[in-house]
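Novice: Structure incoming, see below.
The values are calculated or read from the model by the stated rules, or taken from the named source; none is laboratory data. The model shown is predicted, which means the values in this text are computed figures rather than measured ones. Counting neighbours? That spans all protein chains shown, and the Cβs are built from the backbone with ideal geometry, glycine included.
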């Protein structure tokens, strides 16, 4: 069965520090992978996506993610976190019908 | 341009009442998805439309849940005889094309928070 695991429920980093959010997936075919961000009371905003090709993908707001097939991972990174990055982050994989299967989410807190 | 809109944004229902949640997708978007997001969880798929055809309803938790998109644009998710476990945020998303292709992206609305008392 398709699934997504985000091992870290809550992460706290200092402003200006680097960030890595982990995501592991289980999917039988070539995965299509996404990272979304959700601020309180807001809908989900797409940060980046991986379909094929270069395994390092760049997204909005300075985020990037690396697809590692051997590790079934698609970790999200940012070199320097800003206070406005505090939010809930969701990793998702797309099934062959287009529906998204989400992880549980990681809450990011940024310390000043 | 306008994004996906949902109404109402908040709904309080007494147990046993019926509710109807509306989704206005981005104009011209072919695909429409409904997701349910319980508190502290990731969204979970409910159902999928391509134009007016409901192609996948495997995620609907019970026969109390019903969705329609009669003219291929606006969609309504109806929940009959609401139960406390139905309390969640209901998210709607739309996409321009069929899912395959590197341009594929689902655009999400702000959600409707349903509280069943």
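Novice: Inspect all residues belonging to the stretch A:12-26 and state whether any of them is away from every other protein chain (no Cβ under 14 Å) and at pLDDT below 95.
Specialist: Yes, the stretch A:12-26 contains a residue that is away from every other protein chain (no Cβ under 14 Å) and at pLDDT below 95.
Novice: Out of all the residues in the stretch A:43-76, which are under 16 Å from residue A:7 (Cβ atoms) and part of a loop (DSSP other than H, G, I, E, B)?
Specialist: Passing the criteria: only A:72.
Novice: Another question, if that's okay. I'm told residue A:72 meets every condition in (1) at pLDDT 95 or above; (2) surrounded by fewer than 17 Cβ atoms within 10 Å (Cβ to Cβ); (3) within 14 Å of the chain's Cα centre (by Cα) except one. Can you identify the failing condition by its number?
Specialist: Status for residue A:72: all satisfied but (1).
Novice: Given the structure, is residue B:61 over 17 Å from residue B:5 (Cα atoms) and buried (at least 21 other Cβ atoms within 10 Å of the Cβ)?
Specialist: When the stated conditions are applied, residue B:61 does not pass them.
Here's the yes/no breakdown for (1) closer than 22 Å to residue B:9 by Cα; (2) within 14 Å of chain A (Cβ to nearest Cβ):
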| position | (1), (2) |
| --- | --- |
| B:53 | no, yes |
| B:61 | yes, no |
| B:68 | yes, no |
| B:74 | yes, no |
| B:79 | yes, no |
| B:86 | yes, no |
| B:96 | no, yes |
| B:107 | yes, yes |
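Novice: Given the criteria within 22 Å of residue A:47 (Cα to Cα), more than 10 Å from chain A (Cβ to nearest Cβ) and at pLDDT 95 or above, does residue B:90 qualify?
Specialist: Criteria met by residue B:90.
Novice: Being facing chain B (nearest Cβ under 9 Å) and free of Cβ contacts under 8 Å to residues at least 60 places away in the same chain is the filter; apply it to the stretch A:37-51 and report the residue that is farthest from residue A:84 (Cα to Cα).
Specialist: A:51
Novice: Which of the residues spanning the stretch A:75-107 are over 12 Å from residue A:35 (Cβ atoms) and either buried (at least 16 other Cβ atoms within 10 Å of the Cβ) or within 10 Å of chain B (Cβ to nearest Cβ) (or both)?
Specialist: A:81, A:85, A:86, A:94, A:95, A:96, A:97, A:98, A:99, A:101, A:104, A:107 - these are the residues of the stretch A:75-107 that are over 12 Å from residue A:35 (Cβ atoms) and either buried (at least 16 other Cβ atoms within 10 Å of the Cβ) or within 10 Å of chain B (Cβ to nearest Cβ) (or both).
Novice: Now for a different question. Can residue B:96 be described as under 14 Å from the mean Cα position of the chain (by Cα) and on the phi < 0 side of the Ramachandran plot?
Specialist: No: the conditions fail for residue B:96.
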